[in-house]
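Please treat every number below as a calculation from the coordinates, not as lab data. On a predicted model such as this, the values are computed, not experimentally measured, just so you know. All Cβ positions, even for glycine, are placed from backbone atoms using ideal geometry, and neighbour counts span all protein chains on display.
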């Protein structure tokens with residue numbers, strides 16, 4: 001049995017329910033697959049509602065790229 005930590009119906013975490021787990025945390029027998037924070041728990045049911053994912057960061061320039069830019073060197077590939 002698992003206890004769900006919720007905020008505005010969004011599942012933030014799921015933990016194994018222990019006797020000391022607060023009774024305000026909903027209990028479920030199974031968890032949905034995938035990223036737990038992509039799910040809501042509404043009216044006793046799991047609802048898939050993924051959060052938008054940020055774009056990956058741009059790659060950092062290498063030390064050679066920085067030096068070449070400072071020296072004004074262009075390398076044709």
At least 1 residues that are out of contact with any strand residue (DSSP E or B) (no Cβ under 8 Å at 6 or more places or on another chain) in each: list the strands (runs of 3 or more DSSP E) lying fully within the chain that qualify.
-> 2-7, 39-42, 45-48
Within region 11-20, can you find the residues that are out of contact with any helix residue (DSSP H, G or I) (no Cβ under 7 Å at 6 or more places or on another chain) and surrounded by 15 or more Cβ atoms within 10 Å (Cβ to Cβ)?
-> 17
Going by the conditions given, is residue 55 without any contact (Cβ under 8 Å) to a residue 60 or more places away in the chain and surrounded by 10 or more Cβ atoms within 10 Å (Cβ to Cβ)?
-> no
